[in-house]
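Read through the structure below, which is laid out as structure tokens, and then see the notes.
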Amino acid sequence: MAVQAASADRADRARRYLVPLGTVVGLVILAVGTVFLADPKGAANLLAGIYDATGNATGATALRNGQGDTFLAKLILAGVALIVGVGGIWMVFSGASAIVGLLKPKMQARIIPWVFVLPALTLLGIYLVYSTGVTIWESIVGDKGFSDNYGQILKPDGLAAIRNNIIWLVLGTGGSVGLGLVIAAMFDRVRREALAKTFVFLPLAISLVGASVIWRFVYEWRPASQPQYGLLNAVWTSFGGQPINWVATPPINTYLLVLIMVWLQTGFAMVVLSAAIKGVSTEVMEAARMDGANERQLFLKVVVPIIKGSIITVATTVAIVVLKVFDIVYVMTGGRYDTDVLAVQMYLDKFQFFEDGRAAALAVVLFVAVLPIMFINLRNLRQQGVGK
Amino acid sequence: MTATSTAKPVKGVASVRAWRPMMLQSLPLKVGVLVICLLWTLPTFGLLVTSVRDGRDITVTGWWDALIHLFNTRWTFDNYAQVVNAQGMGNSFLNSLIVTIPSTVIPITMAAFAAYAFAWIRFPGRGLLFTIVVGLLVVPIQMALIPVLQIYSVLHLTGTFLGIWLAHTAFGLPLAIFLLYNFISQLPKDLFESADIDGATHYQIFTKIVLPLSVPALGAFAIFQFLWVWNDLLVSLVFLGVNANVQVMPVALYNLVGNHGEQWHILTAGAFVTMIVPLGVFLLLQRAFVRGILAGSVKS
């Protein structure tokens with residue numbers, strides 16, 4: 001018995017020191033892996049080294065010159081990347097916990113919560129808190145100063161972007177939520193509801209760039225002498241219209257871009273609102289029917305007020321996405337043809353015109369616009385009992 | 001959950017579902033539903049059909065024409081071969097995987113540890129810090145671009161996978177902590193009390209009890225973040241760039257639009273290649289995805 005206990009104790013002590021030791025080794029591997037990843041030619045050089053060792057000199061030379069089995073090198077890189085990225089994060093937490101485990105219990109209790117929260121807080125501190133401060137500062141003193149940075153927004157181009165953002169906000173949000181609500185109510189009454197929903201929901205998985213390509217094809221325009229293979233112009237000309245270059249024709253082009261967003265976001269609205277509609281109790285509905293309400297009254301006067309909380313959640317969430325719209329406009333028009341929005345203008349100011357101060361000012365405007373919507377969103381979630 | 005299940009009408013029960021009155025399986029309604037499903041699918045379907053047509057035919061007749069003359073159309077997979085090999089989409093596909101998987105795992109891990117600490121460990125300042133973290137949901141990514149880029153150019157992190165993992169992680173953390181906190185803080189209290197008596201450390205409690213119980217919430221957020229990162233254009237464009245060595249699929253597709261704007265056989269096939277993974281993830285894990293959406297969706 002005593003021997004057993006002693007050996008168990010020894011094993012326990014061994015483990016106490018082995019784990020931190022393993023941690024140190026792990027962190028070294030992690031560091032090497034990180035350096036390897038930071039080198040753009042790291043994987044190619046590694047594979048070239050392996051080829052040298054196995055006597056494949058031609059393969060090695062080709063790789064060092066950026067040719068040969070670059071795909072294999074990429075696969076090696078992918079393997080290292082996944083080990084470093086996924087394994088690394090766990091190494092950090094388990095290693096730090098093990099090291100803290102060596103301390104006295106009282107110290108442990110004091111330090112361990114910080115081991116758990118500090119990695120997240122550090123990143124948030126740098127990427128969001130510090131950045132917000134710098135961007136605001138930059139918008140005030142950067143480049144030619146406050147009046148130029150913000151004054152730019154009040155010139156015709158800036159005002160056009162704001163006008164377009166408002167169009168996006170109103171029609172994008174209203175369209176998605178309205179259609180989502182109607183479709184949720186309709187689909188709720190048919191068989192194979194789940195299947196029908198999938199069709200409307202599916203675009204949500206597609207990237208905004210992918211969606212832009214899909215719709216660019218729908219809006220494609222050819223001169224009247226050529227065949228119209230874009231769906232919209234084909235339909236339009238079959239009704240006797242002249243083919244229209246939809247994407248390059250203001251003001252309709254902005255509305256057509258908004259339509260892409262509505263196509264994507266309606267599925268989201270539908271799913272949330274459909275769940276809410278199903279949550280309305282049978283008793284309430286029956287009581288309203290007894291009182292002689294017809295189906296439309298029932299929906300507008302009973303169902304909609306009950307699910308108001310969900311409608312606000314959906315509307316604010318969509319509104320935030322829509323306000324920050326970038327991809328669709330950037331891919332479809334690059335902000336040309338009078339379709340510019342704040343996020344695209346900000347990107348172009350920063351990366352095409354290198355006007356950091358103006359770009360920062362536009363980011364701040366976007367931030368201020370999102371602020372009240374986010375506030376309503378969070379307050380509404382809290383009222384619904386989320387995040388207490 | 002509820003959103004994807006359809007209750008079958010049960011005999012003898014007047015109204016199983018509140019919003020399913022008797023007369024409403026009417027014909028106009030059915031037609032309406034059918035039309036909506038059709039309209040919603042048509043644009044994507046047109047893209048898919050076009051992507052397997054011969055490049056020379058695409059601009060001569062509309063894609064619907066190819067369906068009408070189903071057997072007289074030149075169908076081909078060459079477009080895909082060209083896009084994957086010559087246009088470098090195969091390479092971008094790997095890049096996207098390298099970017100997306102760690103960019104999903106890292107924030108979830110960090111957020112789960114932090115959410116557990118915020119929910120179940122007492123430490124000074126925890127209420128205030130948690131409020132700040134949730135408050136950061138309001139910060140648009142645009143606010144971070146310029147300063148983070150300055151830091152990255154000093155540290156040589158621009159155009160590296162490490163750099164973009166950290167960026168996606170930081171931008172995903174507020175929502176991840178918020179959602180996981182909502183879940184983890186609702187776990188029954190006695191779980192932790194009995195573990196405490198057994199002398200388990202917080203790390204053991206977290207890995208042995210909290211993580212296994214949180215799988216639904218972790219999975220839901222994982223799908224969210226995965227799709228978000230896979231489909232992202234802005235963050236990749238800014239921090240990873242257009243270098244063919246590292247560019248991810250949305251950036252590659254954007255370049256195709258710029259360089260081959262009228263070559264629809266390349267564009268349509270390219271677009272579809274970028275969609276395969278998200279569509280697969282989505283169709284396989286639709287229930288979990290819906291659960292994640294219903295758990296609160298305030299991604300900023």
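Karplus-based coupling profile of region A:151-157, in residue order and whole Hz: x, 3, 5, 8, 7, x, 4, with θ = phi - 60° in 6.51 cos²θ - 1.76 cosθ + 1.60 and x standing for Gly or Pro.
Over chain B, DSSP H runs of length four or greater, each weighted -39,500 (n - 2.57), average out per residue to a 222 nm ellipticity of -21000 deg cm²/dmol. Determine the shape class of region B:91-216: with a ≥ b ≥ c the square roots of the Cα gyration tensor eigenvalues, call it rounded for a/c under 1.5, and otherwise prolate if a/b is greater than b/c, oblate otherwise. The shape class here is prolate. In the protein assembly as shown, a dipole from Cβ-located charges (positive for Lys and Arg, negative for Asp and Glu) runs towards its positive end, and of B:269, B:55, B:117 it is B:117 whose Cα lies farthest in that direction. Packing-based ranking of A:164-175, B:269-280, B:78-89 yields B:269-280, A:164-175, B:78-89, ordered from highest to lowest mean Cβ neighbour count within 10 Å.
Compactness of region A:60-172, taken as the C-alpha radius of gyration over 2.2 N^0.38 Å, stands at 1.88. Converting phi to 3J(HN,Hα) with the Karplus coefficients 6.51, -1.76 and 1.60 and the offset θ = phi - 60°, region B:244-258 yields 4, 4, 10, 5, 8, 4, x, 5, 4, 5, 4, 5, 4, 4, x Hz in sequence order, with x at every glycine or proline. A cut-off under 14 angstrom between Cβ atoms defines the neighbours of residue A:58, and their net charge, with Lys, Arg +1 and Asp, Glu -1, is -1.
About the centre of its Cα atoms, chain A shows a dipole size close to 1060 debye [charges on the beta carbon of Lys, Arg (+1) and Asp, Glu (-1) only; nearest 20 debye]. Sum up the charges of everything whose Cβ sits under 14 Å from the Cβ of residue B:53, counting Lys and Arg as +1 and Asp and Glu as -1, but leave residue B:53 out. Spelling it out: positives minus negatives among the neighbours equals -2.
The number of Lys pairs in chain A with C-alpha atoms less than 27 Å apart, excluding pairs fewer than 8 positions apart on the same chain, is 16. Per-residue Cβ neighbour counts within 10 Å put B:265, B:260 in the sequence B:260, B:265, beginning with the fewest. Label positions at residue A:226 and residue A:255, each projected 7 Å from the Cα along the C-beta direction, are separated by 2.6 nm.
A full extension of the chain between residue A:90 and residue A:147 corresponds to an added length of 15.7 nm, given 0.36 nm per residue minus the alpha carbon distance. Legend: mean number of C-beta atoms from other chains within 10 angstrom of residue C-beta atoms, peptide B:145-154, equals 6.
When peptides A:226-239, B:246-259, B:40-53, A:102-115 are sorted by average Cβ neighbour count within 10 Å, with the highest value leading, the order is B:246-259, B:40-53, A:226-239, A:102-115. Counts of other chain beta carbons within 10 angstrom of each beta carbon in peptide B:36-42 average 6.
Per-residue 3J(HN,Hα) values for region A:135-142, derived from phi via the Karplus relation 6.51 cos²θ - 1.76 cosθ + 1.60 with θ = phi - 60°, read 5, 4, 4, 4, 5, 8, 10, x Hz in sequence order (x marks Gly and Pro). Given the C-alpha centroids of region B:225-245 and region A:328-388, what is the distance between them in whole angstrom? So the separation of the two Cα centres works out to 18 Å.
Relative contact order for chain A: 19 percent, from Cα pairs under 8 Å spaced at least 6 residues apart, divided by residue count.
Packing here is the average count of other Cβ atoms within 10 Å per residue, and on that basis the peptides A:371-377, B:231-237, B:158-164, highest first, run B:231-237, B:158-164, A:371-377. Put simply, the amide H of residue B:53, placed in the peptide plane, has neighbours under 5 Å in B:76, leaving out anything fewer than 5 places away on its chain. Counts of other chain beta carbons within 10 angstrom of each beta carbon in peptide A:73-82 average 4. Distance between the C-alpha centers of region A:46-90 and region A:163-194? Whole Å please. What the calculation gives is 49 Å, centre to centre. Summing Lys and Arg as +1 and Asp and Glu as -1 over all other residues whose Cβ lies under 14 Å from the Cβ of residue B:144 gives a net charge of -1. Only helical runs count toward this figure. For chain A, summing -39,500 (n - 2.57) over DSSP H runs of n ≥ 4 and dividing by all residues gives -22500 deg cm²/dmol at 222 nm.
Since every read-out is calculated from the coordinates, none of them should be taken as a lab result. Please read all numbers here as calculations on a predicted model, not as lab measurements. Using ideal geometry, Cβ is built from the backbone for each residue, glycine included, and neighbour counts are taken over all protein chains shown.
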